[in-house]
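Below is one structure, written out as structure tokens; comments come after it.
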Amino acid sequence: RTIAKEQNVLMLLNIHQPRREVAALFDTLILLTPNPGRLVYFGPMASAPKYMASCSHTVPDGANATDYYLDLVTPGTELDASEALVSAYENLVAPDVARIVDKKAETKGQTAVEMINSRAGDGLKPRCCGREVRPKAFAVPFHLQLTTLITRKVRITFRNPEAVAVGIGLPAMMGVVLGLLFQGIGRTDFGVPTVMFVFIQLVMVSLQSLPLMPGMIEERTFMKEETSEKLYKESAQILANLIVNMPISIFSALLQSSIIFAFTGFPASLYFIVVGWTLLIFTAFDAIFQCMAAVASTGEEALMFATPFLVLFMLFNGVVISRVTAPVYLSWVFPISPTYWTLQAIVTRIAEEMGSENNFIIANFDFEAGHEFHALLIIVVMNVVLRLLQVLAQQSLNNLQK
């Protein structure tokens with residue numbers, strides 16, 4: 001009531017059986033019958049007893065008026081007068097209301113922007129979050145939308161610390177398992193097992209975000225409800241999620257990759273090569289999964305959309321399918337496959353470190369050193385393009401039907 005009076009705004013409230021002191025705080029009462037809702041009274045709260053008395057239903061002395069009204073309009077109760085009250089309203093009140101509505105409809109009202117400007121002219125400048133509300137679609141600027149969403153995302157994320165711990169603990173456990181499987185491989189001669197180790201590590205880390213797609217879609221549903229009311233821009237939500245989720249995801253991938261590397265026995269000089277490229281390809285596949293989750297309407301659909309990318313980029317890696325063995329009509333996959341370029345960058349550097357840069361295995365897979373810039377460029381372009389497509393999909397697809 002205080003907000004309504006001080007800010008001159010309309011407040012709608014659904015309340016059931018309020019105390020008489022609470023009921024007295026309301027200016028207007030809308031009284032409906034249940035199932036279906038038919039109008040019985042619409043007018044000042046203070047005038048409701050007089051109207052009921054005019055319909056031969058005087059509020060008993062000492063009774064709570066709101067309780068009495070509910071007994072009158074509820075079918076099947078001892079005091080049920082719902083049909084008579086509905087008929088009285090339709091005959092006595094509804095015609096006058098219709099005339100008032102028709103008359104008001106003939107007068108053009110103010111737009112939202114005009115109402116804000118008129119209030120500002122009266123010295124009543126509407127404010128939100130300590131700032132003056134702008135006469136635009138969004139009440140606050142983008143940076144304030146972003147900071148508010150980041151704050152909310154952090155609170156929601158860390159409200160359940162067990163879930164965060166599981167999100168970090170499971171990759172760590174997988175790191176131990178894979179580390180035990182490839183224990184000491186860095187101390188053996190360079191060969192096919194070395195290449196397969198790198199490939200499996202890239203695959204395991206790249207797929208970390210795949211199970212998260214259903215959760216992304218559920219979160220998108222909440223976002224759609226809020227953005228449909230112009231509370232914030234879709235890009236602000238995407239950026240907030242990226243700022244909060246990405247560090248946690250990268251830390252999990254870093255932890256898993258570091259644990260695996262510690263078991264392998266590779267020289268420390270290769271740590272940043274192996275782990276660094278692994279984290280880069282993780283960001284590329286995370287962008288794919290985020291984009292597919294933005295396009296799809298369900299988790300199953302998102303997985304279906306992501307499958308072609310997984311098949312192409314995981315198989316066309318220079319090992320499972322190489323440039324030599326690939327069909328000519330699919331040779332275009334290699335220039336854009338992040339797995340191929342990342343695997344090549346890691347394997348050629350390991351071979352060089354272990355004195356096997358001229359190894360026949362490198363030649364057999366048609367790997368060449370010196371293409372690190374191309375690999376980095378592919379990953380960066382994929383991240384940028386897919387994030388932009390994610391924003392466009394969030395804005396234009398899967399909108400709510402109101």
Pick out the one residue from Q201, Q145 that is touching a Phe, Trp or Tyr at 6+ places or on another chain (Cβ under 6 Å), open to solvent by less than 70 Å² (accessible area, probe 1.4 Å) and modelled with pLDDT of 90 or more.
Q145
Give L207, L212, L231 a once-over and let me know the one that is of a type outside the set (D, E), outside any helix (DSSP H, G or I) and open to solvent by 40 Å² or more (accessible area, probe 1.4 Å).
L231
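Yes/no per residue for (1) within 17 Å of L39 (Cβ to Cβ); (2) not in a loop (DSSP other than H, G, I, E, B):
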{"position": "T58", "(1), (2)": "no, no"}
{"position": "D61", "(1), (2)": "no, no"}
{"position": "D71", "(1), (2)": "no, yes"}
{"position": "G76", "(1), (2)": "no, no"}
{"position": "L79", "(1), (2)": "no, no"}
{"position": "V86", "(1), (2)": "yes, yes"}
Residues being in contact (Cβ under 8 Å) with a residue 24 or more places away in the chain and either part of a helix (DSSP H, G or I) or open to solvent by less than 20 Å² (accessible area, probe 1.4 Å) (or both): count how many of those fall in the range 171-189.
12
Considering each of V86, V9, V59 in turn, give the residue that is open to solvent by less than 70 Å² (accessible area, probe 1.4 Å) and within 44 Å of the chain's Cα centre (by Cα).
V9
Give I288, I250 a once-over and let me know the one that is crowded, with 20+ Cβ neighbours inside 10 Å and touching a Leu at 6+ places or on another chain (Cβ under 8 Å).
I288
Can you tell me which residue is least open to solvent (accessible area, probe 1.4 Å) among those in the range 148-161 that are in contact with a helix residue (DSSP H, G or I) (Cβ under 7 Å, 6 or more places away or on another chain) and either under 22 Å from I200 (Cα atoms) or of a type in the set (A, V, I, L, M, F, W, C) (or both)?
L149
Would you check if V164 is open to solvent by 40 Å² or more (accessible area, probe 1.4 Å) and either of a type in the set (K, R) or in contact (Cβ under 8 Å) with a residue 40 or more places away in the chain (or both)?
no
Those residues that are of a type in the set (S, T, Y) and in contact (Cβ under 8 Å) with a residue 40 or more places away in the chain, I need them from the range 1-59; list them, please.
T33, Y41
With respect to the numbered conditions (1) among the basic types (K, R); (2) assigned to a helix (DSSP H, G or I); (3) open to solvent by 70 Å² or more (accessible area, probe 1.4 Å), which one is the sole condition not fulfilled by K224?
(3)
Looking only at the range 374-393, count how many residues are among the β-branched types (V, I, T), farther than 23 Å from W341 by Cα and open to solvent by 70 Å² or more (accessible area, probe 1.4 Å).
0
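The values are calculated or read from the model by the stated rules, or taken from the named source; none is laboratory data. Computed from a prediction, not measured in an experiment: that's the story for all the values here. Here the Cβ is made from the backbone with ideal geometry for all residues, glycine too, and neighbour counts use every protein chain on show. Please note that ligands, DNA and RNA were not included when accessible areas were found on the heavy atoms of the full protein model with its side chains. Shrake-Rupley method; radii C 1.70, N 1.55, O 1.52, S 1.80 Å.
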